[in-house]
Amino acid sequence: MKKELINNHIQLDDSGRLVHLLGLENLPKSHLLDILEKADGLIDANGHLKKSKALDDMSVANLFFEPSTRTRNTFEIAAMRSSANVINVDLANSALKKNEALMDTMQSLKAMQIDMFVIRHKQSGLPHHVAQHLKGVSILNAGDGTNAHPTQALLDMLSIRQHKPNFEALSVAIVGDIIHSRVAHSDIQALKTLGTTDIRLIAPDGLQYGAKNESTIKRFSDIDAGLKDCDVIIVLRLQKERMIEADIPNEQDYFDNYGLTKERLALAKPDAIVMHPGPINRGVEIDSAVADCKQSIILQQVTNGIAIRMAVMQILAQNS
Ligand code: NCD
């Protein structure tokens, strides 16, 4: 589906309440902040996640048509910590393998009284299509093709905010395979909504951001220039599964030119934080020493994923 045809408008009902989470484009700033506030409230003073009864009697189905470790498991933990029943639909052995149309499978799952569907699919716009045609349930986009990954961007914003709360003053560098990255696309949206005016996109030509020029977004092919004095560095994996074979960069060349090393990290501000949505490929986009250094908040992002997904599910449950 073409990007311009993917419309998030149905994620808000006629009263403007969030009823699905499909993407961050067009999501009002107040809704975004509400989700961050709710997530903050779910973390206690010791950094532990609280339990809640908010989804008592509700059922959540995880449908992951692409591999996932962090997103699928944190959605599952988030649903369980909110007291929902959770099923991980075994897609490899489902009726889809007997040529059933996806919407028929979805209708059957809805007939099993599922209230929320968490969907990851390689086709951009698929969660939007389901949300439009399957009434009376909430759809959460857990990553659609190269389009959007809203809960990842929300957990990224929560993680940034825990260290650097003033988004308007931040310089944020996103490094790597931006064109194929739904995380980058949603992060850029979230940062724009929160008022960040210095968003630096660092990538080789073939992997650079495709959208039109904007005054708040600068493109760099030279990583050293792009990292200079920035506050936040978000590193991305080479998403080879989305590349044509001939375009796949040589990993050593890529690391030499774009890998985040200690020397390159030293170009950023001394208190800059390093982020990565995972899965991380050590020695390709990030040096092991950087992934494990004090400035890295990669594992904090994973924990924050639970709080954000609890917050989103609880808000949707309240509005359903
Ligand atoms: C990302 C994804 O699936 O888009 N990972 C994630 O959800 N944590 C990024 C990636 O696959 O590189």
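The values are calculated or read from the model by the stated rules, or taken from the named source; none is laboratory data. Quick caveat, the model's predicted, so the values are computed rather than measured. Reconstructed Cβ throughout: ideal geometry from the backbone, glycine too, with neighbour counts over all protein chains shown. These accessible areas exclude ligands, DNA and RNA; they are computed on the full protein's heavy atoms, side chains included. Shrake-Rupley method; radii C 1.70, N 1.55, O 1.52, S 1.80 Å.
Could you count how many residues in segment 231-254 are of a type outside the set (D, E, K, R), more than 17 Å from Pro279 (Cβ to Cβ) and free of Cβ contacts under 8 Å to residues at least 60 places away in the same chain?
5
Please state which of the following conditions Asn147 fails to meet, knowing it meets all the rest: (1) more than 14 Å from the chain's Cα centre (by Cα); (2) modelled with pLDDT of 95 or more; (3) closer than 30 Å to Arg264 by Cβ.
Here Asn147 clears every test but (1).
Would it be correct to say that Arg309 is in contact (Cβ under 8 Å) with a residue 12 or more places away in the chain, in a loop (DSSP other than H, G, I, E, B), of a type in the set (D, E, K, R) and within 14 Å of the ligand (Cβ to nearest atom)?
No.
Can you find even one residue in segment 277-289 that is within 15 Å of the chain's Cα centre (by Cα) and crowded, with 23+ Cβ neighbours inside 10 Å?
yes
For segment 232-251, enumerate the residues that are open to solvent by less than 10 Å² (accessible area, probe 1.4 Å) and either basic (Lys, Arg) or in contact with a Ser or Thr (Cβ under 9 Å, 6 or more places away or on another chain) (or both).
Val232, Leu236
Would you check which residues across segment 180-219 are among the charged types (D, E, K, R) and either at positive phi or open to solvent by 10 Å² or more (accessible area, probe 1.4 Å) (or both) and list them?
Of everything in segment 180-219, those that are among the charged types (D, E, K, R) and either at positive phi or open to solvent by 10 Å² or more (accessible area, probe 1.4 Å) (or both) turn out to be Arg182, Lys192, Asp198, Arg200, Asp205, Lys212, Glu214, Lys218, Arg219.
Kindly evaluate Pro150 against the criterion of being without any contact (Cβ under 8 Å) to a residue 12 or more places away in the chain and not polar (S, T, N, Q).
no
Restricting the search to segment 97-121, which residues are surrounded by 11 or more Cβ atoms within 10 Å (Cβ to Cβ), among the polar types (S, T, N, Q) and not in a helix (DSSP H, G or I)?
The one that is surrounded by 11 or more Cβ atoms within 10 Å (Cβ to Cβ), among the polar types (S, T, N, Q) and not in a helix (DSSP H, G or I): Gln113.
For Tyr258, which of the numbered conditions (1) away from the ligand (no atom under 16 Å from the Cβ); (2) surrounded by 18 or more Cβ atoms within 10 Å (Cβ to Cβ) fails to hold?
Looking at each condition in turn, Tyr258 falls short on (1).
Under 6 Å between Cβ atoms, which residue pairs at least 6 apart in sequence (or on different chains) link something in segment 42-69 that is within 30 Å of Gly145 (Cα to Cα) with a partner that is assigned to a loop (DSSP other than H, G, I, E, B) and within 16 Å of the ligand (Cβ to nearest atom)?
Glu66/Lys122
Could you check segment 154-176 and list, in sequence order, the residues that are free of Cβ contacts under 8 Å to residues at least 12 places away in the same chain and within 16 Å of the ligand (Cβ to nearest atom)?
Scanning segment 154-176 gives no hits.
Is there a residue being within 16 Å of the ligand (Cβ to nearest atom), in a helix (DSSP H, G or I) and not assigned by TED's automatic domain parsing to the domain that holds His31 anywhere in segment 274-297?
Yes, the conditions are met somewhere in segment 274-297.
Considering only segment 72-87, I want to know if a residue exists there that is assigned by TED's automatic domain parsing to the domain that holds Asp13, at positive phi, within 16 Å of the ligand (Cβ to nearest atom) and crowded, with 16+ Cβ neighbours inside 10 Å.
There is no residue in segment 72-87 that is assigned by TED's automatic domain parsing to the domain that holds Asp13, at positive phi, within 16 Å of the ligand (Cβ to nearest atom) and crowded, with 16+ Cβ neighbours inside 10 Å.
For residues that are charged (D, E, K, R) and assigned to a helix (DSSP H, G or I), scanning just segment 177-208, find the one that is nearest to the ligand (Cβ to nearest atom).
Among residues in segment 177-208 that are charged (D, E, K, R) and assigned to a helix (DSSP H, G or I), the one nearest to the ligand (Cβ to nearest atom) is Arg182.
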